[in-house]
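Trainee: Sharing a structure with you now.
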Amino acid sequence: MASLRSPYALATTSRSVFQALLDARQQYGGKKVIIHDADDRQLTYDEVVRASFALGSALKKGTRRKEAVGVLLPTGAGVAITFFALNAYGRVPAMLNFTAGAKALRCALQTAQVKRIVTAHAFIEKAELQPLVDELKDDAEFIYLEDVKEGLGPLNKAAAVVGPAAPSLIAANAGADDAAVILFTSGTEGDPKGVVLSHRNLVANVHQILAHVPDALTIEDVLYNPLPTFHCFGLTGGVLLPLLGGMKAAFHPSPLQCKIIPKRVEDTGATILFATDTFLNQYIRSSVANELGMLRFAVCGAERVKDETRQLVRRRFNIELLEGYGATEASPVIAVNQPEANRPGTVGRPLPGMEFRFEETPGIEEGGRLFVRGPNVMSGYISPDAPGKLVPLPDGWHDTGDVVAQDEMDYLTIKGRLKRFAKIGGEMVSLAVAENCASTLWREHDHAAAVLPDGRKGEQIVLLTTNPTADRDNLQRWARSHGVKELSLPRKIYHVDEIPLLGTGKMDIGSVQRLAAQLAAPAPDTTATAAE
C-alpha cells in the first residue's frame with residue numbers, strides 16, 4: 001500500500017485550492033474514484049473536475065471575482081463540487097450553518113456581504129428548511145442546483161470539456177493569499193464572526209497533516225465523513241484532505257443519523273472515520289455487530305475525547321482512536337496524535353510549520369493561554385460591525401483562548417477554554433473536571449458544567465445532567481476516592497432532558513450557561529395578593 005508521503009514545505013502551499021485539485025487528478029489519475037456519495041453514486045477525479053467547470057461557469061453569472069457566495073448544503077458530492085466550482089472561477093464560498101437559525105444566518109450574510117445562496121430543492125425539502133428559506137429570501141437570492149443543472153447551456157457544457165484539458169484558459173488565477181472560503185464562528189459569545197481562510201491556509205493544512213502522519217494514510221484508504229462542511233473539521237479534514245491527498249471520501253449528509261451511519265461505514269469499506277466524541281460514542285452504541293470493525297482508526301476533534309469513549313471503542317472494535325486539536329482560525333488542525341505515537345489524554349504533537357506562544361494566566365499553575373502562528377492560520381476576521389472588511393491578525397498570531405500545557409516530548413494537553421474556568425476563592429478551576437467526573441461515574445448519560453455567581457466565593461460550578469438519579473453525594477464520594485479536589489465539584493446538580501448541542505455535535509456553551517441560569521433562578525413569588 002502506497003503511503004501518502006508529503007514532506008511539508010512552503011512551496012506546496014503556493015497554489016489555489018482548485019489548482020491543488022487539478023494537481024491531485026494529475027498525480028493519482030483522472031479515472032480514480034474519489035467520492036462515494038450517500039446515494040452510492042461514485043465519482044472520479046475527471047467527473048469532479050468536469051462538473052466543477054460546468055457548474056462554476058453557470059454560478060459565476062451575476063457575481064464578480066472575489067465575491068462571497070453562500071453555500072447551504074449538506075455533506076455530499078454536491079457541496080464538494082459547489083465548493084470547487086466557485087473557487088475555480090474566483091468566487092469565495094461562504095459556508096452557512098443551516099442549524100444556526102435565521103437570526104445567526106442573517107448576521108452571517110450581512111457580515112460576508114452575501115447576496116446569493118447556493119442550495120438544493122431536495123435538501124431544503126428533506127431537512128424541512130423551507131421556513132428558514134422564507135425568512136431569508138429578502139436577504140439573499142436562492143440558487144438551486146437542480147435548476148442550474150437543468151439550465152446548463154452550450155457554453156457551460158463547453159467549459160466542462162475545455163476546462164480539464166486547458167484549465168489555464170478558463171479557471172481564475174487566484175493568488176495563494178486570496179480568500180478561499182469564509183466560515184463562521186458559532187456565535188455563542190456574541191454575533192457570528194467571519195473567519196477568512198486563504199488558499200494557502202487550506203492547502204498548507206492538508207500538507208501539514210500528510211507530513212505529520214506520513215505512513216498512516218494510503219491511497220487505498222476510504223475516509224468516512226459525516227461532519228458538516230460549515231465546520232472546518234468537516235471541510236478540510238473530511239473533504240479537502242482526501243480529495244487533495246488521493247484517498248476516496250465517503251460522504252454522509254448528517255452526523256445525527258446514528259443508526260444508519262455504522263452500517264454505511266461498513267458498506268463503503270471505510271478505513272478511517274472522522275467524528276466528534278459525542279457522535280462516535282453514539283455510533284458505537286448504535287452498532288449491533290462489527291460494523292466499525294474494519295476501521296484502522298478513528299480521528300476525533302472539536303471536543304475533548306472522554307475516557308469512556310476511548311475504552312468503549314477499544315472494547316467493542318479494538319481500533320485506535322486519535323484525538324486532535326484545532327480551531328477554525330487554523331484551517332483547523334493544530335495538533336493531532338499519530339498512530340505510532342498515540343498518547344491518550346493529549347491531543348498529540350503540533351503539525352510541522354506551527355509556531356506556539358504561551359502566555360501566563362493568573363490562577364493557573366500548569367499551562368498557559370495558547371497563541372499560534374503558521375501558514376494555516378487565517379488571514380483574519382470580518383465582523384458584523386464592519387461587513388466585508390478584513391481585520392488581519394497582529395503579527396499573524398491567533399489567540400486560541402485555550403489553556404494548554406506542553407510536555408518535554410511536545411505533546412499538548414488541553415486544560416480547557418479560558419472562558420470555561422470558574423474563579424473560586426481566587427483559584428481558577430476548569431469546568432472540564434466536573435464534567436469528567438460525572439461522565440466517568442454516569443457513563444450512559446450526558447453532562448455539562450456551567451459557571452454561576454456566588455456571593456461568598458465569587459463563582460460556583462453547577463452541573464446539568466441527563467441522569468435523572470444523579471446525586472451530588474454520590475459524585476462527592478467518587479471524587480474523594482479518586483483524589484479530585486472538592487473545589488472542582490459542582491455545588492448543585494440540575495436534571496435536564498438533553499444537553500444543548502451545536503450542529504457540529506459540540507456542546508452549545510452559550511445555551512448551557514443560559515439554561516443553568518434559568519434553572520438556578522429563584523421561583524417567582526406567587527404569594528402576593530391583588531391588594532398588595
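Trainee: Being crowded, with 21+ Cβ neighbours inside 10 Å and touching an Asp or Glu at 6+ places or on another chain (Cβ under 6 Å) narrows it down to one residue among Ala159, Ala77; which is it?
Mentor: Ala77
Trainee: Take Arg200 and decide whether it is among the charged types (D, E, K, R), over 24 Å from Ser14 (Cα atoms) and modelled with pLDDT of 95 or more. I'd like the intermediate steps shown before the answer.
Mentor: Values: among the charged types (D, E, K, R): yes; over 24 Å from Ser14 (Cα atoms): no; modelled with pLDDT of 95 or more: yes.
The answer is no for Arg200.
Trainee: Has the range 351-368 got at least one residue that is surrounded by 17 or more Cβ atoms within 10 Å (Cβ to Cβ), within 18 Å of the chain's Cα centre (by Cα) and under 25 Å from Ala94 (Cβ atoms)?
Mentor: no
Trainee: Give the number of residues within the range 301-344 that are in a loop (DSSP other than H, G, I, E, B), in contact with a strand residue (DSSP E or B) (Cβ under 8 Å, 6 or more places away or on another chain) and not hydrophobic (A, V, I, L, M, F, W, C).
Mentor: Residues that pass the stated criteria total 9.
Trainee: Another question, then. Can you confirm whether the range 279-295 contains a residue that is touching a residue at least 60 places away in the same chain (Cβ under 8 Å), out of contact with any helix residue (DSSP H, G or I) (no Cβ under 6 Å at 6 or more places or on another chain), outside any loop (DSSP other than H, G, I, E, B) and of a type in the set (S, T, N, Q)?
Mentor: No; the residues of the range 279-295 include none that is touching a residue at least 60 places away in the same chain (Cβ under 8 Å), out of contact with any helix residue (DSSP H, G or I) (no Cβ under 6 Å at 6 or more places or on another chain), outside any loop (DSSP other than H, G, I, E, B) and of a type in the set (S, T, N, Q).
Trainee: Follow-up question, since we're still on this one. Would you be able to say whether some residue in the range 201-221 is surrounded by fewer than 19 Cβ atoms within 10 Å (Cβ to Cβ), at negative phi, free of Cβ contacts under 8 Å to residues at least 40 places away in the same chain and hydroxyl-bearing (Ser, Thr, Tyr)?
Mentor: Looking for residues that are surrounded by fewer than 19 Cβ atoms within 10 Å (Cβ to Cβ), at negative phi, free of Cβ contacts under 8 Å to residues at least 40 places away in the same chain and hydroxyl-bearing (Ser, Thr, Tyr), one finds none in the range 201-221, hence no.
Trainee: Listed residues Arg343, Arg373; which is surrounded by fewer than 20 Cβ atoms within 10 Å (Cβ to Cβ) and over 24 Å from Ser430 (Cβ atoms)?
Mentor: None of the others qualify; the one that does is Arg373.
Trainee: Which of the residues spanning the range 296-312 are in contact with a helix residue (DSSP H, G or I) (Cβ under 8 Å, 6 or more places away or on another chain) and modelled with pLDDT under 90?
Mentor: Answer for the range 296-312, where residues must be in contact with a helix residue (DSSP H, G or I) (Cβ under 8 Å, 6 or more places away or on another chain) and modelled with pLDDT under 90: Gly301, Ala302, Glu303, Arg304, Val305, Lys306, Asp307, Glu308, Thr309, Leu312.
Trainee: Any idea which residue in the range 94-126 is farthest from His199 (Cα to Cα), counting only those that are touching a Ser or Thr at 6+ places or on another chain (Cβ under 7 Å) and in contact (Cβ under 8 Å) with a residue 60 or more places away in the chain?
Mentor: Thr111
The values are calculated or read from the model by the stated rules, or taken from the named source; none is laboratory data. This structure is a prediction, so every number in the text was calculated from the model and none was measured. Please note: Cβ atoms are built from the backbone with ideal geometry, for glycine as well, and neighbour counts cover all protein chains shown.
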